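The values are calculated or read from the model by the stated rules, or taken from the named source; none is laboratory data. This structure is a prediction, so every number in the text was calculated from the model and none was measured. Glycine also receives a Cβ, built like all others from the backbone with ideal geometry; neighbour counts cover every protein chain displayed.
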């Protein structure tokens, strides 16, 4: 469950809000499609594909094909995030992940969306297949016992990363996720006052992405997550 939650939050922290959607092939009348190449610490590189839609009750199938027309997989409906918005229709985001094959090629991936009434839509996302490095050099470091409440978390900048997001869990509260930052463009994060406390036991990690809200690459193309790093405050 923690893995799914982290993936969802990393992807959903800044769903695209392009000023002009008319020329953006990620958008259709059935929703927004995007697919990322992910570099997580606990598994081989994989694709994370999503469909964000207000027409969630109408979607029958979402078939993903790569630039060569090869079938990548189908977005399922088991992993879903509900987004309730003031004075706007509810939106749901369906998320699935698929293995990256050895013979990958960069190109336009397509989502072939079919609704219950037979309507068909095609959304596109351009995918490149480099891997984005995972954050290292965490401060506080893993296993650290520090005598003062830190005001900042920092790590080594990642080549190719333009944006970061920080997640923090409270180990004393059954590993509860207590904070996720907005997207930042620095390799450090100044903590909100009062978030961490003396005597606390925490874990944190960094999600990185190459771009944000790109008309060709979507919300982002390459993403990575670091290991969870645990530390105690005396």
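Observations, loosely collected:
- Residues (under 22 Å from the mean Cα position of the chain (by Cα) and either crowded, with 16+ Cβ neighbours inside 10 Å or over 29 Å from residue 34 (Cβ atoms) (or both)) located in the stretch 122-152: 123, 124, 125, 126, 127, 132, 133, 134, 135, 137, 138
- Of all residues in the stretch 107-136, exactly one satisfies the criterion of being in a loop (DSSP other than H, G, I, E, B) and within 18 Å of residue 73 (Cβ to Cβ), namely 129.
- All of 176, 171, 205 fail the test of being in contact (Cβ under 8 Å) with a residue 40 or more places away in the chain, surrounded by fewer than 16 Cβ atoms within 10 Å (Cβ to Cβ) and in the same structural domain as residue 159 (by TED's automatic domain parsing), apart from 171.
- Residue check for residue 129: touching a helix residue (DSSP H, G or I) at 6+ places or on another chain (Cβ under 6 Å) and within 21 Å of residue 51 (Cα to Cα): no
- Members of the stretch 43-69 found to be in contact (Cβ under 8 Å) with a residue 24 or more places away in the chain, more than 23 Å from residue 85 (Cβ to Cβ) and in a loop (DSSP other than H, G, I, E, B), listed by number: 44, 45, 66, 67, 68
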